[in-house]
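Here is the structure we will look at, set down as structure tokens.
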Amino acid sequence: MAQQKGYGQFCPVARAAEIFAERWTPLVVRELLCGSTRFNDIQRGVPRMSSSLLSQRLRELEHAGIIDRRPVAKGRGSEYHLTQAGRELFDVVQHMGNWAQRWVRDELTVDDNLDPDLLMWDIRRRVTREGLPEAGRFVVRFEFPEQPSSRRRYWLMFEHGAADLCIKDPGFEVDLYVTASVRALSEVWLGHVTINRAIRDDKLRLEGTAANIRRFRDWFALSLFAEVGRKPPGRRSAA
């Protein structure tokens, strides 16, 4: 008898899990919900996922009616857009993240989960231009001293209303230097530690003019899940 892939249950939870709970699928949906539409951008949000598996998951999501694949307006390639069914998964993804912030917070920033590439990609897509100059270029260099040279420095460049992330020196004057360990900045990003506390404990250093240091708090928007991260965590002990 052929092995059944699904759970073989009429329960709606079972069918939803068959579609959504495959390994990596919730993270792919998270990337789409965060605004990524091109294959390479989606993969930057799941850097440990192979390209072949990402292609497979995108096909599965398209078959399930979660995403719609469209040709790009100019050039070659495709874009992936959430359908109404896909957009309705936003609350599911947010509740998953909020649950982890409350109940498994200590496990989020263990060494195996720290990734400067993913952290900087997340930061880049959440930043705002609030507090930044109306025109001109603004460059921020992030440095993680404990990382190998290939992952030690990142440049965030604001220009023409957009924010670009560079892994090589773009060659422009730096307006603000941000230095921290990946763990320290991740804790700030997730809302576990305030910016003021990280600076006071010398876990986060900002170097630049007084005005540019003040602006950091304006454009450095925290994680989507930071609001729950600011609250006391839950205790998983039995009542």
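The values are calculated or read from the model by the stated rules, or taken from the named source; none is laboratory data. What you see is a predicted model, and the numbers here were worked out from it, not measured in a lab. Note that each Cβ is placed from the backbone with ideal geometry, even for glycine, and that neighbours are counted across all protein chains shown.
Summary of computed values
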| quantity | calculated |
| --- | --- |
| Single residue of segment 182-223 satisfying the filter (among the hydrophobic types (A, V, I, L, M, F, W, C) and in contact with a Gly (Cβ under 7 Å, 6 or more places away or on another chain)) that is farthest from GLU134 (Cα to Cα) | LEU190 |
| Listing of helices (runs of 4 or more DSSP H) fully contained in segment 156-224 that carry 2 or more residues being over 20 Å from the mean Cα position of the chain (by Cα) and surrounded by 15 or more Cβ atoms within 10 Å (Cβ to Cβ) | 195-200, 210-219 |
| Some residue of segment 3-25 being touching a residue at least 24 places away in the same chain (Cβ under 8 Å), closer than 28 Å to VAL228 by Cα and within 18 Å of the chain's Cα centre (by Cα) | yes |
| Positions within segment 146-155 being over 19 Å from the mean Cα position of the chain (by Cα) and either under 27 Å from GLY229 (Cα atoms) or among the basic types (Lys, Arg) (or both), in sequence order | GLU146, GLN147 |
| Single unsatisfied condition, ARG48 versus (1) assigned to a loop (DSSP other than H, G, I, E, B); (2) at pLDDT below 95; (3) more than 22 Å from the chain's Cα centre (by Cα) | (3) |
| Cross-chain or 6+ apart pairs with Cβ under 7 Å, segment 130-156 first and over 17 Å from PHE172 (Cα atoms), then among the polar types (S, T, N, Q) and outside any strand (DSSP E or B) | PHE144/SER181; GLU146/SER181 |
| Counted residues, segment 97-145 - those being part of a loop (DSSP other than H, G, I, E, B) and surrounded by 13 or more Cβ atoms within 10 Å (Cβ to Cβ) | 10 |
| Single condition ARG236 does not satisfy, out of (1) in contact (Cβ under 8 Å) with a residue 40 or more places away in the chain; (2) surrounded by 12 or more Cβ atoms within 10 Å (Cβ to Cβ) | (2) |
| Subset of segment 63-78 [assigned to a loop (DSSP other than H, G, I, E, B), among the aliphatic types (A, V, I, L, M) and either surrounded by 10 or more Cβ atoms within 10 Å (Cβ to Cβ) or at pLDDT 90 or above (or both)] | ALA64, ILE66, VAL72 |
